[in-house]
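Beneath this line is the structure, given in structure tokens, with notes to follow.
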Amino acid sequence: MSETKIKRTFTISKHLLKSRKEISKIFLENEYLTQKKSIHQIAEELGCGSMTVFNRLVDFSIPRRHVGAEHVSEERKQFSRDWNKAHPEINKMKGKHHSIETRRRMSQSRQREQNGHWKGGLTPEYNLHHNNPEWAKRRIECYQRDHYTCRTCGKKGNGSRNLQAHHIIPWRISRDDNLDNLVTACLKCHRKIEGKPLEVVCYL
């Protein structure tokens with residue numbers, strides 16, 4: 001170990017010993033409860049981490065002060081009030097509630113084709129397909145053909161725990177479970193290639 005590193009290590013150790021000696025119960029009660037200093041402020045004074053001070057509070061069973069709005073300065077509170085008054089358009093619904101009819105219309109506006117995640121009402125069909133024993137069998141055949149290896153990155157797997165059978169032409173379009181339309185993909189690659197055009201994805 002170099003002389004500089006030894007000196008630095010000694011200085012840090014000496015500093016930590018000094019800090020630990022100073023963090024007594026009486027000291028913390030005076031700083032934290034009486035003088036109302038924050039954990040961060042006490043840590044800065046001692047030259048140690050905030051978690052060290054927090055752990056000593058727990059060790060000495062010193063109750064934590066409540067955190068939240070009561071510790072925000074009056075100046076900060078007034079700034080927030082003035083800002084909210086100057087921007088009524090942002091908080092126009094504050095303290096108000098939509099009527100039942102409005103909530104119903106909002107719900108309807110996000111259903112079926114108007115929802116960005118809508119895929120043509122395939123959920124029941126998807127569930128039937130994925131719970132079908134034939135699909136489970138075909139999936140294993142796909143893994144075996146590809147030697148339990150991801151066809152995108154080459155990562156080895158051990159079955160459904162970290163591998164998935166990917167439809168080259170999406171099942172929702174083709175309904176095709178033939179091996180020609182299936183490739184083995186690891187979970188990470190499957191997320192990357194799902195829904196991408198065929199020319200973008202390169203298989204091993």
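Coordinate-derived values only; no laboratory data. The structure displayed is predicted, hence computed values, not measured ones. Reconstructed Cβ throughout: ideal geometry from the backbone, glycine too, with neighbour counts over all protein chains shown.
Neighbours of Ser107, meaning other residues whose beta-carbon lies under 15 angstrom from its beta-carbon, give a summed charge of +3 when Lys and Arg score +1 and Asp and Glu score -1.
Provide the net charge surrounding Trp171, with neighbours chosen by a C-beta distance below 10 Å and charges set as Lys +1, Arg +1, Asp -1, Glu -1. Don't skip to the end; give the middle numbers.
Values: positive: Arg172, Arg175; negative: Glu125, Asp176, Asp177.
Neighbour charge sum, excluding Trp171 itself: -1.
Model label sites at Glu74 and Ile168, defined 7 Å from Cα along the beta-carbon direction, differ in position by 7.4 nm.
Can you give the FRET efficiency to the nearest 0.05 for Ile62 and His97, using r as the Cβ-Cβ distance and R₀ = 41 Å?
Values: r = 42 Å, r/R0 = 1.03.
My answer for the efficiency is 0.45.
Dipole magnitude for region 125-193: about 420 debye, using +1 per Lys or Arg Cβ and -1 per Asp or Glu Cβ, origin at the Cα centre.
What does the charge add up to near Thr152, with Lys and Arg as +1, Asp and Glu as -1, over the other residues with Cβ less than 10 Å from its Cβ?
Details: positive: Arg151, Lys155, Lys188, Lys192; negative: none.
So the surrounding residues net to +4.
The spread of Cα positions in region 125-193, taken along each principal axis and listed from longest to shortest, comes to 31, 22, 20 Å.
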